[in-house]
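The block underneath contains the structure these notes are about, expressed in structure tokens.
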Amino acid sequence: MSFGSRLGIGFMRTIAPLPLPLIRGFGALLGRVLHTIAVPRRRVVDTNLAVCFPHKSEAERRRIARETFVYVAQSWLDRSWLWHAPEKVVAGRLKVVGAAQEIDEIANGDEPMILFAPHFYGLDAAATALTMHTPRPSATIYTTQRDPMVDEWIREGRTRFGNVAALNRVDGIKPVLGGLRKGGLLYLLPDMDFGRDQTIFVPFYGVQAATVPSLSRFARLGKAKVVPVVSKLTPEGYQIEVLPAWQNFPTDDVEADTALMNQRLQGYIDTMPSQYYWVHRRFKTRPEGEPPIY
């Protein structure tokens, strides 16, 4: 473990009790600084926005890019209170809205359910909001961090409330399906590029994008209902919208299911484009013969 990691985690514990407007204000300042100095990452964001929103003006895309860096910083600093503040404080800043039937099933049901949670910046807040008020076993899949101290901190934060298991991506599908078949919840974030071996190519904003087909496969193998969860930063904390369960999903066509997932994700993103995780190189893996985008 590094001294820097220890210092960083200590800093997050220190700011956890501060008023939310102060934390958010610091995040806004940090985000503007990062937009200025993190040039390689800014180029990734700018490229993603140019590819996905060619119809928007350059000025509009610049505004979205500046805002997305602010949301990156604010959501990161918010992990201080999500993972260290008293439970009452955390609960008071998380508001769950949306489909009443699905919200009740998340809390009280016993049928397998996958929560499709795209990479909006509030994804950790949404997971906390939905698991802290249910006795149901739930699981999330994560990628191990290089620093063991940071890895433990993140894992403990994400499993702080509720009956939550943090499954390592390298452990495969057995523990995932085992949890679903026992009537558990799976908090799934499949909208990323994990390389050619783990993905298939389907359209995302009209561009062939390497996409993990796990939502369709896990839903079929686990006989699970799919419920989308869209998280949004607000001045008061986070609003977590639970949408109605998808009907006639999954099908026997994994590629069509995954394309539909991306299509519906676009609709969610279009309502708040600044809050989506554009800092990820979403198009880094290209179809054979296609030139690199970045």
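The values are calculated or read from the model by the stated rules, or taken from the named source; none is laboratory data. Computed from a predicted model, the values in this text were never measured in an experiment. Cβ coordinates were reconstructed from backbone atoms using ideal geometry, including for glycine residues, and neighbour counts include every protein chain displayed.
At a glance:
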{"quantity": "First in the stretch 240-251 and over 11 Å from Val230 (Cα atoms), second anywhere and surrounded by 15 or more Cβ atoms within 10 Å (Cβ to Cβ) and among the hydroxyl-bearing types (Ser, Thr, Tyr), Cβ under 9 Å, 6 or more apart", "calculated": "Phe249/Ser216; Pro250/Ser216; Thr251/Ser216"}
{"quantity": "Failed item in (1) crowded, with 21+ Cβ neighbours inside 10 Å; (2) of a type in the set (A, V, I, L, M); (3) not in a helix (DSSP H, G or I), with Ala129 passing the rest", "calculated": "(3)"}
{"quantity": "Qualifying residue in the stretch 204-222 (condition: within 18 Å of Thr131 (Cα to Cα), in contact with a strand residue (DSSP E or B) (Cβ under 9 Å, 6 or more places away or on another chain) and surrounded by 15 or more Cβ atoms within 10 Å (Cβ to Cβ))", "calculated": "no"}
{"quantity": "Hits in the stretch 227-245 - residues which are β-branched (Val, Ile, Thr) and surrounded by fewer than 23 Cβ atoms within 10 Å (Cβ to Cβ)", "calculated": "Thr234"}
{"quantity": "Thr159 being under 23 Å from Val96 (Cα atoms), surrounded by 14 or more Cβ atoms within 10 Å (Cβ to Cβ), out of contact with any Pro (no Cβ under 6 Å at 6 or more places or on another chain) and without any contact (Cβ under 8 Å) to a residue 24 or more places away in the chain", "calculated": "yes"}
{"quantity": "Selection from the stretch 1-16 of residues that are outside any helix (DSSP H, G or I) and either of a type in the set (A, V, I, L, M) or touching a Leu at 6+ places or on another chain (Cβ under 8 Å) (or both)", "calculated": "Met1, Ala16"}
{"quantity": "Count - residues of the stretch 246-292 that are surrounded by fewer than 17 Cβ atoms within 10 Å (Cβ to Cβ), over 18 Å from the mean Cα position of the chain (by Cα) and either of a type outside the set (Asp, Glu) or more than 19 Å from Val202 (Cβ to Cβ) (or both)", "calculated": "9"}
{"quantity": "Counted residues, the stretch 1-55 - those being surrounded by 12 or more Cβ atoms within 10 Å (Cβ to Cβ), among the polar types (S, T, N, Q) and modelled with pLDDT of 95 or more", "calculated": "2"}
{"quantity": "Residue in the stretch 75-83 that is within 18 Å of Pro21 (Cβ to Cβ), of a type in the set (D, E, K, R) and not in a helix (DSSP H, G or I) present", "calculated": "no"}
